[in-house]
Amino acid sequence: MQYMCLIYQPVDAPEMAPAEYQKLFEEYGAYTQAARESGKLVAGEPLQPISDATTVRVRNGKRTVTDGPFAETKEWLSGFYLFDCDTLDEVLDWAAKIPAARDGSIEVRPLMVIPGMRDGHPVAQ
Amino acid sequence: MLSRALGDSHLAEDAVQEAYVIALERWPRDGVPSNALAWIVTTARNRALDVLRRRSRGDEKMALLARLESTQTQDEPDFDDVSVADDQLGLIFACTHPALGLEARIALTLRAVAGLTTEEIAHAFLVPLPTMSQRLVRAKQKIRANGISFAVPDAAHLRERLEAVCTTLYVMFNEGYAATTGDTRVRHDLCNESVRLARLLAELLPDQPEVHGLLALMLLTDARRNARVDENGDTLTLEEQDRKKWDRWLIAAGLAHLGRAAEFNDDGPYQIQAAIAAVHSRAKSFAKTNWRAILTLYDRLLELEPSPVVALNRAAARAMLHGFDIALAEVDAIASAQELDRYAVLHSTRAEMLRRIGKMPEAAQEYRRAIGLTENLAERRFLERRLESVLH
């Protein structure tokens, strides 16, 4: 079963010193390496901050593009990992080890399985 | 076997369970008897007889008693095999997974583990049947969609998962115990079910001290059930309760489980709360309560679970030891954090302390605040009576 781990971090987190940032970067590197070696990791990427976000919506056929995220939030989505695990408990163990779990939170969501579809394409039943 | 003889499966179950507790206490000391099963059956039968003798008043109970006295004791009790026990335990862990909301956990546990019908659960929680059905459907859907496992958690996860199980059962118990609205008989069933489930858990996980602590806490609290309200259904404080109405048998069972928990030398919040209840159970009267022991236990509980609610209970215990004025200063300090501003017990505790030191107008004001924050009808009536008393 595939689970998306959405990484949320507080907007008002204090600025990090370069050494601190370097340490965190290495921590993520080691984590991702371990996750990949376990064979359970499907994908995982960090996202640019919300100051670089653009929102688009279409209403009555008219497209509106605006700066920033859709809603004011206290937490921002800063990245994700996609795992393939057997149980929720197994993926929760991986999620708890994401460094951001210590100051932010990780939302774990199973991917919806649509019968007859895989990777967005129809498959033979 | 015993339940067939008794025609009362709850009593039989309780009796057998107590027999095991007694066995656990005695066998390590006195050695395992040559015919262990017969010993259990005889002990359980004697326990049940004790209870029936004490409780029996009507003809019906006498008939039960007669039936039990003629019981053959050489029947073999049927033991569940290990796989069935593991299945049951796995089911409990799945139903109480912390990924599920507390309401869903309680409903699901009652449905899947205790075997109550959806109607019964809806009735117990005073919600319409479709609401409860929907709650169960969503909970099951979440288990399915998330691949929540039905296996017993491994050692690394046991503590965290067990905490979720204990919380579920304790909240279920309190739902039943604190019930004053609706059909109280049904609500008491909730109490009985949670005790039964805690017993089952203690049986399936005999080496978990907090499980014994939880069961002890439930039994020691439940022992006061018949004393906690007067004939009008009004709440009575620990001080006002007729201690003769406390169920000595439940107290003994609670103390046995607390003793069992203590053997592991690994305390936890449920064990400490049970120990506090045990100190009350042992006191001949409210005045003779060992408040120093209670205060020490609250100190430990505060270490384990630093929360303003625990601090408030500790202050109430301190009042009995050091006086109401000193305790009031402590309550004021807790109140100044404003975290508990909408917590009725904060205001009723302050009101009680103000009343005791003779500050009636301030006490009245606090009783009014508490009344405004209390939904429970019996609690409200209690506070209104107190308010009356300080106004005159």
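The values are calculated or read from the model by the stated rules, or taken from the named source; none is laboratory data. Please read all numbers here as calculations on a predicted model, not as lab measurements. When we count neighbours, we look across all protein chains shown, and the Cβ atoms used for this are built from the backbone with ideal geometry, even at glycine.
Quick one: in region B:322-349, of everything that is in a helix (DSSP H, G or I) and within 26 Å of the chain's Cα centre (by Cα), which residue is surrounded by the fewest Cβ atoms within 10 Å (Cβ to Cβ)? Of everything passing the filter in region B:322-349, B:V345 is surrounded by the fewest Cβ atoms within 10 Å (Cβ to Cβ). Any chance region B:369-387 includes a residue that's free of Cβ contacts under 8 Å to residues at least 24 places away in the same chain, within 20 Å of B:A315 (Cα to Cα) and out of contact with any helix residue (DSSP H, G or I) (no Cβ under 6 Å at 6 or more places or on another chain)? No, there is no match, as no residue in region B:369-387 is free of Cβ contacts under 8 Å to residues at least 24 places away in the same chain, within 20 Å of B:A315 (Cα to Cα) and out of contact with any helix residue (DSSP H, G or I) (no Cβ under 6 Å at 6 or more places or on another chain). Is it true that A:E26 is surrounded by fewer than 16 Cβ atoms within 10 Å (Cβ to Cβ) and more than 14 Å from chain B (Cβ to nearest Cβ)? In short, yes.
Restricting attention to region B:277-298, and to residues there that are in contact (Cβ under 8 Å) with a residue 40 or more places away in the chain and buried (at least 19 other Cβ atoms within 10 Å of the Cβ), which single residue is farthest from B:H257 (Cα to Cα)? Only one residue tops the list, namely B:H280.
When region B:105-157 is limited to residues that are within 14 Å of chain A (Cβ to nearest Cβ), in a helix (DSSP H, G or I) and free of Cβ contacts under 8 Å to residues at least 24 places away in the same chain, the one that is surrounded by the fewest Cβ atoms within 10 Å (Cβ to Cβ) turns out to be B:A155.
Once region A:80-100 is narrowed to residues that are charged (D, E, K, R) and without any contact (Cβ under 8 Å) to a residue 24 or more places away in the chain, the residue that is nearest to the other protein chains (Cβ to nearest Cβ) is A:D89.
Being modelled with pLDDT under 90 and either of a type in the set (K, R) or outside any helix (DSSP H, G or I) (or both) is the requirement here; does B:E375 meet it?
Values: modelled with pLDDT under 90: yes; either of a type in the set (K, R) or outside any helix (DSSP H, G or I) (or both): yes.
Criteria met by B:E375.
Determine if region B:299-308 includes at least one residue that is more than 26 Å from the chain's Cα centre (by Cα), free of Cβ contacts under 8 Å to residues at least 60 places away in the same chain and crowded, with 17+ Cβ neighbours inside 10 Å. No - not one qualifying residue is present in region B:299-308. Just one of the numbered conditions (1) modelled with pLDDT of 90 or more; (2) within 14 Å of chain B (Cβ to nearest Cβ); (3) exposed (fewer than 15 other Cβ atoms within 10 Å of the Cβ) is not true of A:V113: (1).
Any residue in region B:222-233 that is in the same structural domain as B:A94 (by TED's automatic domain parsing), farther than 20 Å from B:H280 by Cα and either aromatic (F, W, Y) or not in a helix (DSSP H, G or I) (or both)? No, region B:222-233 has no match at all. Residues that are touching a Cys at 6+ places or on another chain (Cβ under 9 Å) and of a type outside the set (A, V, I, L, M) within region A:80-125 comprise A:F80, A:Y81, A:F83, A:D93, A:W94, A:E107, A:R109, listed in sequence order. In region A:36-50, the count of residues that are of a type in the set (D, E, K, R), surrounded by 15 or more Cβ atoms within 10 Å (Cβ to Cβ) and within 14 Å of another protein chain (Cβ to nearest Cβ) is one or more.
Restricted to region B:92-104, and to residues that are closer than 24 Å to A:A96 by Cα and in a helix (DSSP H, G or I), which residue is farthest from the other protein chains (Cβ to nearest Cβ)?
As a first pass, look at region B:92-104 and keep what is closer than 24 Å to A:A96 by Cα: B:92-102, B:104.
Checking which are in a helix (DSSP H, G or I) leaves us with B:92-95, B:102, B:104.
Details: B:I92: 15, B:F93: 10, B:A94: 10, B:C95: 14, B:L102: 17, B:A104: 15 Å.
Applying the filter and picking the extreme gives B:L102.
Which one is modelled with the highest pLDDT among residues in region A:75-105 that are assigned to a strand (DSSP E or B) and among the aliphatic types (A, V, I, L, M)?
Our first condition is that a residue be assigned to a strand (DSSP E or B); within region A:75-105, this holds for A:75-84, A:105.
Now drop any that are not among the aliphatic types (A, V, I, L, M), which leaves A:77, A:82.
Working: A:L77: 94, A:L82: 98.
Taking the candidates together, the pick is A:L82.
Kindly establish whether A:V108 is in a strand (DSSP E or B) and either exposed (fewer than 14 other Cβ atoms within 10 Å of the Cβ) or within 14 Å of chain B (Cβ to nearest Cβ) (or both). Quick ask: steps written out before the conclusion?
Details: in a strand (DSSP E or B): yes; either exposed (fewer than 14 other Cβ atoms within 10 Å of the Cβ) or within 14 Å of chain B (Cβ to nearest Cβ) (or both): yes.
Criteria met by A:V108.
Across region B:262-304, the number of residues qualifying as in contact with an Asp or Glu (Cβ under 8 Å, 6 or more places away or on another chain), more than 19 Å from B:L219 (Cβ to Cβ) and not in a loop (DSSP other than H, G, I, E, B) comes to 2. Residue count for region A:1-23 under the criterion of being under 29 Å from B:N146 (Cβ atoms) and either within 14 Å of chain B (Cβ to nearest Cβ) or at pLDDT 90 or above (or both): the result is 10.
Being modelled with pLDDT under 95 and either in the same structural domain as B:C166 (by TED's automatic domain parsing) or buried (at least 19 other Cβ atoms within 10 Å of the Cβ) (or both) narrows it down to one of B:L214, B:L200, so name that one. Outline the logic, then answer.
Details: B:L214 fails: modelled with pLDDT under 95.
It is B:L200.
Out of B:R260, B:R225, report the one residue that is surrounded by fewer than 20 Cβ atoms within 10 Å (Cβ to Cβ) and basic (K, R).
Values: B:R260 fails: surrounded by fewer than 20 Cβ atoms within 10 Å (Cβ to Cβ).
Residue meeting the stated conditions: B:R225.
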